[in-house]
Amino acid sequence: MGNTKSSKPKKSNIGFLSSVFAIIIGLLVGLVILFICNPAQALPGFLTILTGSFTHGARGVGQIFYYATPIILTGLSVGFAFKTGLFNIGAPGQYMVGSLGAVAIGILGEGLGPIHWVVALAGGMAMGAVWGAVPGILKAYFNVNEVIASIMMNYIGMYLSNWVVKSTPALFNTLRNESKNVAVTANLPKAGFDKIFEGSSLNAGFIVAILAVIIIWVLLYKTKFGYELQACGFNRFASKYAGINEKKNIMMAMVIAGAISGLAGAIVMLAGSGAHITVKDAIAQEGFTGIAVALLGLSHPVGVFLAGIFIAYLTAGGFYLQLFQFSTEIIDIIVAVIIYFSAFALFVKIMIDKFSKKKEMKEPGESSASEKGGER
Amino acid sequence: MENIKQTTETKKDDNYVVEMLNITKVFPGIIANDDVTIRLRQGEILALLGENGAGKSTLMSVLFGLYQPEKGIIKVRGKEVKINGPLDANALGIGMVHQHFKLVDNFTVLQNIVLGMETTKGGLLKMDDARKKVLELSERYNLRIDPDAKIEDITVGQQQRVEILKMLYRDNEIMIFDEPTAVLTPQEIDELMLIMKNLIKEGKSILFITHKLNEIKAVADRCAVLRRGKYIGTIDVASTSKEEMSEMMVGRKVELTIEKKPANPGKTILEVDDLTVAAGLKGHKKNVVDNVSFKVRAGEIVCIAGIDGNGQSELISAISGIGPMHNGRISINGEDMTKKSIRYKNTHGLSHIPEDRQKYGLVLDYNLAYNAVLQQYFEPQFSNGIFLNMDAIYKYSDELIKNYDIRSGEGSATITRSMSGGNQQKVIVARENTRPHDILLAVQPTRGLDVGAIEYIHKELVKERDAGKAILLVSLELDEVRNLADRILVIYEGKIVAELDPDKVSNQEIGLYMSGSKRQAVIGEGEDAPSGVMAVKKGGEN
């Protein structure tokens, strides 16, 4: 952050360590669960979780990135909102309407030619942005809790996309009870990934996700807008005192968060690897996983990126647990435990902070100590 | 320790119900209570008098077991006790009416009174017995109240009665009132005084925390005075004048007096007309700020003196824009600012050292550099288009650090949360003094700081004045008022009750105005009170 001095190496170290701590504990608990289910197969099963995703070499690695793409984005969406003091639990809804927008444009917009996929992505983002804007406006101007409003928007988004898909013959595949395939022009380009990671479904969506991470990082830490957004998140009283328009910032934060989640949905639908909007009463899993990713990544864009890849890696490895007669749900439990402990890790971090602060305060001695904290 | 034994033995016949002996409580960097001894007799009202931060609350927290003292012992009815928490205190018959009531808003009076002490039978509530007891108590102590009214529907004065009934319901014999009149209207205060006298008649003992001298005179038997954590003495109220008490409370002049030349005021910078802020809380009827008008000119320090909670915070919030304003007009440099945004004021001549430096003054999780440009980050000086100009921001912040001797672990990159209170305040003072402005609002700029930092900030403020800035200072400390003010406006219950010349008025006299014992003829209405010249009218005793 600084031009001469590095600003907070100490702090980020503690954060990173707490995430690693969470991962280790989570994996250990996973091992215990494996032992309880089937002691004989526990160790090989555990090894499979760690190495499974590499069994198919480059293809496996490509699949990790492919699975990671949407959850990096939903994680980025939730993490970004966290940074501005908001809890965007609406990521699933934004993801679903983003999917809907992308699918609709992907099927109906065939005349668009080479920019078709770009327009479809943008359409998904726009839908997500609208879905984020509603709770944002409600929060900013009517003081409605964004968590409640977002959850409602999740259900509205789910039923809306079911209804639109089902009632629009051009979109609906009656045989499979899901949306039709998008046009070939709407599929995301492979961007050479099909050569590097042969056989994987990885596509340009991963590059879009990386771009999003970079853009959000720059936005948060390098721009005036990011300064305002974070100031509101850290201390809205001081922001008000500083003359920052808090309401506008709350709204914009939710719009941006919604757009990112919408983008995630669009990328999955346009991957050309068999994803469709299935008409069923279930809220998109990728959205909730985003919350986990954001927590594990401590809401920092780079942390979110790594956490997304890590969780995708575990999920991919966990798929092979079936070889050892374990159900794949075990891997979900392990991921859940990791998230659980990342919350504890946050607690541990706070304790470390408190401890070091106490030490600092005691050092200067008793006489007019408050003035002498810190070096000359 | 031997001394204590002696004194308690010799005064055994005094029949003390609570004795706090030689209590010392230290927080990091500050001694909140330094060898404090207070004794409460059976059936008396003992007032505990002291300025803000004198250690009254800490002492009470020690009595309630919220803090454990480093030194000293507590005796209740002659027996040494160890109090580990409010429950222990309650078991010893000690109850407290907090300054901010601890009531459940959407519960009824009765439900609030029995809360935590519900009588049950087989797991079911038996409210009838409780109702009978509450009605009996309210009859006996003349505390009229509707047991079925909801708390949110009754006035603050009635809510306080509920708090008193809560103590009575729990058979508390020792009652602590923590600044109970701060939220009451004068009529409600009179009623409370009567209630307190009734309680004494029934054999209760009361510890009355306040800094309003009139109230002490009205009800208290004796008065213990604390100043800056130290125990000054206990006096007999009847034989001590208010002037003497305020002198004990405020103390002699602090060693640091700033040398300052007479003011040389120029044109009017800030003008406030008929500013009114209505009460924000339910049940409060009076205006928090009531029709206040004044001017601040370039090159002078106008100080608003008053006891905490008399509307000064709300007044400043209204001027700066962070709080509501219900009537009136504000102008800066002749431009009407009444309806302007905070940012507009910030960029058009207003600087503001806020009362609560951690809540308003700083984004604690931002580093020092980011905080240094809190109101200016968007200006061309500190930005390139949509981007922040980090080099410029850090350079500017390094300059502030140098000019104001701000001490921190990692310079501009230090997260302000990790800095000491004094240095946090210096960041704010540096920022507000350095950025372009004509009027500086400084609210308790030295609260909680040690002597060195106070002196430093005082010097900076005088320097500002001499540079031709207008300064509106709000302070609760008489010493600070005397040290800095070129004119003193005394605020009491939301009204400006006096305009004084610091060179012609004694501390005691200011104290009398601050506590509402004295009131100047309303400026403009007085016989010969042209602006600036004082027509001090004596009298106005309650």
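Observations
- Hey, A:Leu86 within 18 Å of the chain's Cα centre (by Cα) and in contact (Cβ under 8 Å) with a residue 60 or more places away in the chain or not: yes
- Close contacts from region B:278-294, counting a first residue that is within 19 Å of B:Glu152 (Cα to Cα) and a second that is at pLDDT below 85 and of a type in the set (A, V, I, L, M, F, W, C), with Cβ to Cβ under 6 Å and a gap of 6+ residues or different chains, come to B:Gly283/B:Val156; B:His284/B:Val156.
- One residue alone among B:Asn371, B:Asn403, B:Asn367 is of a type in the set (S, T, N, Q) and farther than 24 Å from B:Gly349 by Cα, and that residue is B:Asn367.
- Lone qualifier among B:Arg144, B:Arg161 - being among the basic types (Lys, Arg), in contact (Cβ under 8 Å) with a residue 24 or more places away in the chain and closer than 22 Å to B:Asp190 by Cα: B:Arg161
- Selection count, region B:380-429, where residues are part of a loop (DSSP other than H, G, I, E, B), under 26 Å from B:Gln444 (Cβ atoms) and not hydroxyl-bearing (Ser, Thr, Tyr): 4
- The helices (runs of 4 or more DSSP H) located wholly in region A:7-96 that include 1 or more residues which are within 14 Å of another protein chain (Cβ to nearest Cβ) occupy A:9-37, A:57-83.
- For region B:173-202, a residue qualifies if it is within 19 Å of B:Arg140 (Cα to Cα), outside any helix (DSSP H, G or I) and either at pLDDT 90 or above or outside the structural domain of B:Arg41 (by TED's automatic domain parsing) (or both), and the qualifying residues are B:Glu173, B:Ile174, B:Met175.
- Any hit, region B:345-367, residues being among the aromatic types (Phe, Trp, Tyr), part of a loop (DSSP other than H, G, I, E, B), touching a Phe, Trp or Tyr at 6+ places or on another chain (Cβ under 8 Å) and within 13 Å of chain A (Cβ to nearest Cβ): yes
- If you go through region A:207-219 and keep only what is more than 11 Å from chain B (Cβ to nearest Cβ) and under 18 Å from A:Phe82 (Cα atoms), you end up with A:Ala212, A:Val213, A:Ile214, A:Ile215, A:Ile216, A:Trp217.
- Residues located in region B:371-389, provided they are at the interface with another protein chain (Cβ under 7 Å from one of its Cβ atoms) and either within 18 Å of B:Gln425 (Cβ to Cβ) or without any contact (Cβ under 8 Å) to a residue 12 or more places away in the chain (or both): B:Leu374, B:Gln375, B:Phe378, B:Ser383, B:Ile386, B:Phe387, B:Leu388
- Subset of region A:234-250 (residues that are within 9 Å of chain B (Cβ to nearest Cβ) and part of a helix (DSSP H, G or I)): A:Phe234, A:Phe237, A:Ala238, A:Ser239, A:Lys240, A:Tyr241
The values are calculated or read from the model by the stated rules, or taken from the named source; none is laboratory data. Predicted model, so just to flag it, every value in this text is computed and none were measured. Methodologically, a virtual Cβ is constructed for each residue, glycine included, from the backbone with ideal geometry; neighbour enumeration extends over all protein chains shown.
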